[in-house]
Amino acid sequence: MSESIFEKESKYFFHTFHRLPLEIDRGEGVYLYAKDGKRYLDFFGGLAVNALGYNHPRITAAIEKQIHRYIHLSNYYVQDKTVELAERIIIASGYKRIFFSNSGTEAVEGAIKIARKWGNGLEKIRLLNLTNSFHGRTMGALSLTERPAYREGYEPFLPNTDSIEFNNVEDLRAKVNEQTLGIILEFIQGEGGINVVSKEFAQELKSLQEKFGFLVIADEIQAGVGRTGKFFGFNHYDIHPDIVVIAKAIGGGLPLGVILGNDKVAEVLTYGTHGTTFGGNPVACAAGCAVMEEIVDKGLMKQAGIIGEYLKSKAIELQKQFPAIVKEVRGYGCMLGIDLNRGGQPVVDELLNRGILINCTNTTVLRLLPPYIITPEQCDQLMFELHSILKLLN
Ligand SMILES: Cc1ncc(COP(=O)(O)O)c(C=O)c1O
């Protein structure tokens with residue numbers, strides 16, 4: 001008998017991913033269809049990438065149109081779709097300069113390089129992060145990721161880094177000084193379990209940023225591009241990061257990362273001091289323009305906030321019904337975490353049996369990252385099944 005695709009996967013690939021026991025045939029809107037014909041309601045959205053759902057007509061049309069023009073030219077050329085996307089993001093974000101990469105982690109690497117070059121000569125050398133953070137898998141980004149499971153065995157990391165305890169204002173005050181080059185943070189931590197930075201912490205960060213003049217680097221790779229109902233997660237706070245990185249949703253499913261910088265860092269990179277072969281690929285940027293059109297021009301970002309509030313209110317109802325199981329509900333918009341007082345994987349597995357896809361992160365947190373086009377009825381369906389599963393566990 002011939003080997004199954006799962007056997008082949010296990011045989012050929014480095015064992016880095018626990019894949020789902022599903023073989024997907026196609027996706028449409030918020031649904032995935034497996035080859036055996038079963039339909040899945042997707043509250044995981046390609047790990048925060050598929051903000052517009054699957055097979056979105058504006059994205060597929062933009063990609064189709066671009067591939068018949070040219071798929072790649074190289075960064076020796078100005079390319080209309082790449083410039084159009086840059087302009088759209090600059091206008092929506094209010095930042096001064098942009099650089100396109102291929103992934104989130106590469107955008108973080110670029111942000112580290114900008115910070116290093118900016119601090120060079122200023123005697124600012126220390127880069128800080130928050131505990132429980134996730135910034136990517138390449139060595140620079142991993143040096144600023146405070147998740148032991150991802151770091152073990154890869155030492156040594158970048159020197160002159162340290163971690164501030166999440167939301168601990170005292171620790172923040174104690175760890176920053178004149179030598180602080182920058183602080184990188186997710187205002188809403190994704191992999192770490194949908195942990196939301198407190199207003200108090202953000203306010204203190206802003207005061208210290210003004211006092212010591214270090215760079216605030218916002219990692220908006222998961223929370224950005226409208227997911228929380230605002231263009232960036234940090235827009236829920238009164239703070240102005242100097243550098244912002246986005247990725248995931250911006251490429252509409254194609255690999256694309258973005259670094260944005262304000263006036264302070266606008267002139268740091270000069271010709272030849274940073275680069276990429278594929279970053280800003282015109283097909284990915286054409287898809288990105290379609291994403292920006294839907295999210296900004298057509299108001300889908302606002303919708304993500306509205307439907308997210310609905311979903312959150314339902315999750316809070318669930319918490320009230322099962323206080324012994326649901327510890328806390330956290331997040332904004334279409335980025336929500338339901339923190340259980342036990343491992344979440346059995347709940348995820350049972351939902352999968354019932355045709356709904358969610359994810360569990362940091363052991364106990366059920367993570368919801370639905371496409372922004374999710375409807376109240378689909379949210380109700382998830383909550384109905386969650387209610388029935390938690391009742392069995394109660
Ligand atoms: C907050 C955050 N930063 C960085 C990354 C790394 O992005 P990528 O996987 O595109 O390299 C991720 C990916 O999950 C992320 O959620």
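Within 18 Å of the chain's Cα centre (by Cα) and either polar (S, T, N, Q) or farther than 18 Å from Phe278 by Cα (or both): does that describe Leu128? Show your work before the answer.
Numbers: within 18 Å of the chain's Cα centre (by Cα): no; either polar (S, T, N, Q) or farther than 18 Å from Phe278 by Cα (or both): yes.
In short, no.
Report, by residue number, each residue of region 362-384 that is in contact with a helix residue (DSSP H, G or I) (Cβ under 6 Å, 6 or more places away or on another chain), surrounded by 19 or more Cβ atoms within 10 Å (Cβ to Cβ) and in a helix (DSSP H, G or I). Of everything in region 362-384, just one residue is in contact with a helix residue (DSSP H, G or I) (Cβ under 6 Å, 6 or more places away or on another chain), surrounded by 19 or more Cβ atoms within 10 Å (Cβ to Cβ) and in a helix (DSSP H, G or I), namely Cys379.
For region 258-276, the count of residues that are surrounded by 22 or more Cβ atoms within 10 Å (Cβ to Cβ), outside the structural domain of Ile374 (by TED's automatic domain parsing) and either small (Gly, Ala, Ser) or not in a strand (DSSP E or B) (or both) is nonzero.
Being under 17 Å from Glu267 (Cβ atoms) and surrounded by fewer than 16 Cβ atoms within 10 Å (Cβ to Cβ) is the filter; apply it to region 112-153 and report the residue that is farthest from the ligand (Cβ to nearest atom). Top of the filtered list is Gly121. Figure legend. Inter-residue proximity from region 212-225: first residues among the charged types (D, E, K, R), second residues assigned to a loop (DSSP other than H, G, I, E, B) and within 10 Å of the ligand (Cβ to nearest atom), beta-carbon distance below 6 Å, spacing 6+ or different chains. Indicated pairs: Asp219/His135; Asp219/Glu186. Condition check: closer than 23 Å to Asn359 by Cβ, in a helix (DSSP H, G or I) and touching a strand residue (DSSP E or B) at 6+ places or on another chain (Cβ under 7 Å). Does Ile295 satisfy that? Considered against the rule, which asks whether it is closer than 23 Å to Asn359 by Cβ, in a helix (DSSP H, G or I) and touching a strand residue (DSSP E or B) at 6+ places or on another chain (Cβ under 7 Å), Ile295 comes out as no.
Can we say Gly257 is closer than 17 Å to Asn102 by Cα and within 16 Å of the ligand (Cβ to nearest atom)? So Gly257 fits the description; yes.
Applying the set (1) of a type in the set (Ser, Thr, Tyr); (2) within 14 Å of the ligand (Cβ to nearest atom); (3) under 24 Å from Leu300 (Cβ atoms) to Thr82 leaves exactly one unmet item: (2). For region 313-330, the criterion of being among the aromatic types (Phe, Trp, Tyr) and in a helix (DSSP H, G or I) is satisfied by no residue at all. Regarding region 164-175, can at least one residue be identified that is on the phi > 0 side of the Ramachandran plot, in contact (Cβ under 8 Å) with a residue 60 or more places away in the chain and either away from the ligand (no atom under 13 Å from the Cβ) or in contact with a helix residue (DSSP H, G or I) (Cβ under 9 Å, 6 or more places away or on another chain) (or both)? No: zero hits. Within region 182-193, residues that are under 17 Å from Pro148 (Cβ atoms) sit with their Cβ atoms under 8 Å from residues that are within 9 Å of the ligand (Cβ to nearest atom) and of a type in the set (Ser, Thr, Tyr), at 6+ positions apart or across chains, in these pairs: Gln189/Ser133; Gly192/Ser133.
In this structure, Gly288 does satisfy being within 21 Å of Val30 (Cα to Cα), crowded, with 19+ Cβ neighbours inside 10 Å and within 20 Å of the chain's Cα centre (by Cα).
The values are calculated or read from the model by the stated rules, or taken from the named source; none is laboratory data. In this text the structure is predicted, and so the values were computed from the model without any measurement. Cβ sites come from the backbone with ideal geometry, for glycine too, and all protein chains shown count toward neighbours.
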